[in-house]
Amino acid sequence: MKVLFVCVGNQGRSVMAERLFLRAASGRHDARSAGSNPGDAVHPQVIEALAEISVDASDHIPRRLDDDAVQWADVVVSTCDDACPVVAGKRYVSWHLPDPKHEPLERVREIRDEVGRRVDELVAELDSSPVAA
């Protein structure tokens, strides 16, 4: 299965979700991320929080959400409130996560851990899906 994680800036929530998903899926599923209004770089505290658990996001370049990205995906996960266009035939999941942009590292760790929990649940669900088998 191919999962697209979406937020506004593609600098925080969606990056954490993409990188944690890729680690959790171990090649069984693929992931990308994009933003409706991408920023210039991943938030430094997001890079640091991920690095603490041996996940490298330092090479991530925020990408714009476009039709090709949505068409690529089997599942589109919105990590915020309003970033996703709706395309018929796609499965949509909404996580409504807090934005780590101006948060201290302690709070970003909490967000990272919540993203990780949700990612683990999604990977387990996709692993048990007849379509993924």
Against the conditions (1) surrounded by 21 or more Cβ atoms within 10 Å (Cβ to Cβ); (2) out of contact with any Asp or Glu (no Cβ under 9 Å at 6 or more places or on another chain), where does ALA69 fall short? Just the number, please. (1)
Of the residues in the range 105-133, those that are open to solvent by 50 Å² or more (accessible area, probe 1.4 Å) and in contact with a helix residue (DSSP H, G or I) (Cβ under 7 Å, 6 or more places away or on another chain) come to ARG109, ASP120
Being more than 30 Å from PRO130 (Cα to Cα), among the hydrophobic types (A, V, I, L, M, F, W, C) and open to solvent by less than 40 Å² (accessible area, probe 1.4 Å) is true for just one of ALA41, ALA17, ALA57. Which residue is that? ALA57
Suppose we keep only residues that are farther than 16 Å from VAL55 by Cβ and among the charged types (D, E, K, R) within the range 111-133. Which one would you say is nearest to the chain's Cα centre (by Cα)? GLU121
Near pairs, Cβ below 9 angstrom, 6+ apart or cross-chain, from the range 105-129 (in contact (Cβ under 8 Å) with a residue 12 or more places away in the chain) to any residue that is of a type in the set (S, T, N, Q) and open to solvent by 80 Å² or more (accessible area, probe 1.4 Å): VAL123/SER26
Quick one: ALA24 ticks every box in (1) assigned to a helix (DSSP H, G or I); (2) farther than 27 Å from PRO130 by Cβ; (3) in contact with a helix residue (DSSP H, G or I) (Cβ under 7 Å, 6 or more places away or on another chain) except a single one, so which number is it? (2)
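The values are calculated or read from the model by the stated rules, or taken from the named source; none is laboratory data. Please read these numbers as outputs of a predicted model, since none were measured by experiment. Reconstructed Cβ throughout: ideal geometry from the backbone, glycine too, with neighbour counts over all protein chains shown. Surface areas here come from the heavy atoms of the whole protein model, side chains and all, with no ligands, DNA or RNA. Shrake-Rupley method; radii C 1.70, N 1.55, O 1.52, S 1.80 Å.
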